[in-house]
Amino acid sequence: MDLTSVIIPVIFVVSILGSIPLIYRYLRRHHERMRRVADELGFSYNGPGAEPPGTPEAASPGQRFMQALKPWRITGMRDDVAVAIYLETRGGGRSKTTYSIVEASFPQPLPFTLRVGKETAFARLGKAVFGLQDIEVGVEQFDRAVRIKGSDPDRIRGVLSGTGVQDRIVTALEASPTVMVTETAAHWEKRGTIEAAETYRQAMDLVVPIVRALKDARAFPEF
């Protein structure tokens, strides 16, 4: 057997095993920071490290490492709107990307699919050159600022007809083009892992008022 064919796998295995303590320490510090973020926001932290003081750790290092790999979630209420903060990983392999998400949930889902996001120059070009059309509510400033898609155009126009709703959506999109309104929530995202409470606080200032405006416009008649 060629010596190289033995040494290379051994080196690989040793390097992997040697990196586990470093990964564990990083994850543990990350969970501690996110727990502090939750405290600063007055929210609840759910994830590794959320055990009450004095709770014994897992019996073995391997169990502690697997526990640290579990996801976390921060939840709470802001202006009578349920908010969740979490990480979402998309793609695979080298194209895998992590996003920090702030989600302000509706009291109940809308009875149709909905996607409201920022209108892009490329989308405007498509409309002008190829006649591609999205849903429009009939307010020029709003229609130029947003891109609306969904399964029930008439009901979507009704939900988005209020000036308060439109103003909140446009204001949020001007501050952050990653804001999106769906049939279940208004959410904000940023690429990477955010560990700053102030960033999440600013994101909530964008998405929570959208949900409040929809509630005030009676988009959810039972609430």
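Rule-based calculations on the coordinates, nothing more; no lab input. Bear in mind that the values here come from a model prediction, so they are computed numbers and not experimental data. Glycine also receives a Cβ, built like all others from the backbone with ideal geometry; neighbour counts cover every protein chain displayed.
Observations, loosely collected:
- Distant-in-sequence amide contacts of D152, defined by a placed amide H-H separation under 5 Å and a gap of 5 or more residues or a different chain, comprise T113.
- Backbone HN-Hα couplings from phi across the stretch 170-187 [Karplus 6.51/-1.76/1.60, Hz, Gly and Pro as x]: 5, 4, 5, 5, 5, 7, 8, x, 8, 5, 9, 10, 10, 6, 10, 6, 10, 9
- Phi to ³J(HN,Hα) by Karplus 6.51 cos²θ - 1.76 cosθ + 1.60 over the stretch 193-204, Hz, x for Gly, Pro: 9, 8, 10, 10, 4, 5, 5, 5, 5, 5, 5, 5
- Rg/Rh for the stretch 79-223 stands at 0.98; both radii use Cα atoms, and Rh follows the Kirkwood definition.
- Distance between the 7 Å Cα→Cβ label points at R218 and E195: 4.9 nm.
- Packing-based exposure ordering (other Cβ within 10 Å, fewest first) of M77, M180: M77, M180
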